[in-house]
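Computed from the coordinates by the stated procedures, all read-outs in this text should not be read as laboratory data. Every value quoted in this text rests on a predicted model; they were computed, and no experiment measured them. Cβ sites come from the backbone with ideal geometry, for glycine too, and all protein chains shown count toward neighbours.
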Amino acid sequence: MELRILEYFLAVTQEQSISAAAEYLNLTQPTISRQLKDLEEELGKQLLVRGKRNHKIGLTEEGRLFRKRAQEIVDLVQKTENEIRQSGHGMAGDIFIGAGETDSLRAIARVAHQIQNEYPDVHFHIVSGDGQDLIDRLDKGLFDFGLLLGTTDSSKYEQLALPMLDHWGVLMRKDAPLAQKDRIAPEDLWDKPLILSRQMIHFPNFLQWIQKPLSELQISATYNLAYNASLMADEKMGYVLTLDKLINTSGDSSLCFRPLMPDITLGMSLVWKRYAALSKAAEYFLAQLRANISEICP
């Protein structure tokens, strides 16, 4: 299976049309159709659902899985090619960091800014996601580093703990009944509609804190991006369990944040694969973060 065939397949899924993909790739439509048909025969599975004229191309279940894997392969090849091209050309290149939503990202941004002042050809790419999504992409080599909450498997990953803590709390409208409280106790939420992150549902500290099984809670929605959760809270869907400092609740905001009682905190670490071959730029970033961590993490 050749890389160009994966690129043809991705172009078709992006354009949802073989003719549009052919125009995008500057190829003939029969060429792409034949290559994709050969691909399906090689795999022994149908990947594309071909509609009638002027209908969009769809994907089978196998096609959706293949698109995900094909994109990962193409991204990794492009990342590797860029690293090789930039090798030996001074301090330059791309650094990919997967990060959970946390105010601790400021520490990364401060070091990134310092490096770019000295070496403007170093570029940072930050991708947000929840813990498992980030670990999966880190394992596949798509990220150089992950900025993760809590602990990780020390047999697989190296890590640099950041000297700062994130605090869990409740995001809600300022006119919500619980907004009158300074801190939120477990029993305050037992009969309230809750909006939980996908990660928090499996977070042992939260389950211990709430003192109720999930089946007895009113979980009205889940989220993986705090901003989207804040919109749900603003539309009165429920109370959002989230980390502090992610949503601006000052000034004219209709929302407020209240910490939990007792407090739940999480440490943050920069994580990378053990024995990973880091690029020169990634190694320099890590060295600068280590050297300046006490200054950039108040």
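On a full-extension model of 0.36 nm per residue, what is the gain between Gln78 and Arg64, subtracting their alpha-carbon distance, rounded to one decimal in nm?
The Gln78-Arg64 span can extend by a further 2.9 nm.
Please give the helix 105-118 orientation as an angle from the longest Cα principal axis of the chain, in degrees from 0 to 90, rounded to the nearest 10.
50 degrees
Sum -39500 (n - 2.57) across every DSSP H segment of at least 4 residues in the chain, then divide by the residue count to get the 222 nm mean residue ellipticity, nearest 500.
When only DSSP H runs of four or more count, the value is -12500 deg cm²/dmol.
Suppose every Lys and Arg Cβ carries +1 and every Asp and Glu Cβ carries -1, with no other charges. What dipole size does the range 167-265 come out with about its Cα centre, to the nearest 20 debye?
100 debye
Rounded to a whole number of µm²/s, how large is the Stokes-Einstein D of the range 1-69 at 37 °C and 0.692 mPa s, given Rh as the Kirkwood radius over C-alpha pairs?
My calculation gives 277 µm²/s for D.
On a full-extension model of 0.36 nm per residue, what is the gain between Met237 and Thr222, subtracting their alpha-carbon distance, rounded to one decimal in nm?
Taking Met237 through Thr222 to full extension adds about 4.3 nm, to one decimal.
If you take the Cα Rg of the range 153-252 and divide it by 2.2 N^0.38 Å, with N the number of residues, what do you get?
1.17
Starting from the Cα of Lys37, draw a straight line to each of the lysines and keep only those under 23 Å, dropping any in the same chain fewer than 8 residues away.
Partners found: Lys45, Lys52, Lys56, Lys68.
Taking the chain as the reference, fit the longest principal axis to its C-alpha atoms, fit the long axis of helix 29-43 to the helix C-alpha atoms, and give the angle between the two in degrees, 0 to 90, nearest 10.
Computed tilt is about 70 degrees.
What range in the chain is the longest one free of GluC sites (Glu not before Pro) that are in a loop by DSSP and have at most 11 other Cβ atoms within 10 angstrom?
By the stated rule (loop sites, at most 11 other Cβ atoms within 10 Å), 3-234.
Compute, for the chain, the length of the dipole vector about the Cα centre, with Cβ point charges of +1 (Lys, Arg) and -1 (Asp, Glu) only. Units Debye, rounded to 20.
In debye, rounded to 20, the chain gives about 480.
On a 0 to 90 degree scale, rounded to 10, what angle separates helix 61-86 from the longest Cα axis of the chain?
It is inclined by approximately 90 degrees.
Would you kindly state how much longer the chain becomes between Asp153 and Thr31 on full extension, computed as 0.36 nm times their sequence separation minus their alpha carbon distance, in nm to one decimal?
39.2 nm
Note the count of lysine pairs whose C-alpha atoms are less than 17 angstrom apart in the range 167-265, limited to pairs 8 or more residues apart or on different chains.
6
Which listed residue (Thr222, Ile210, Ser253) has the Cα farthest towards the positive end of the charge dipole for the range 167-265, taking +1 on Lys and Arg C-beta and -1 on Asp and Glu C-beta about the Cα centre?
Towards the positive end, the residue furthest out is Thr222.
Can you tell me the Rg and the Dmax, both Å, for the Cα atoms in the chain?
Cα only, the chain: 23.3, 67 Å (Rg, Dmax).
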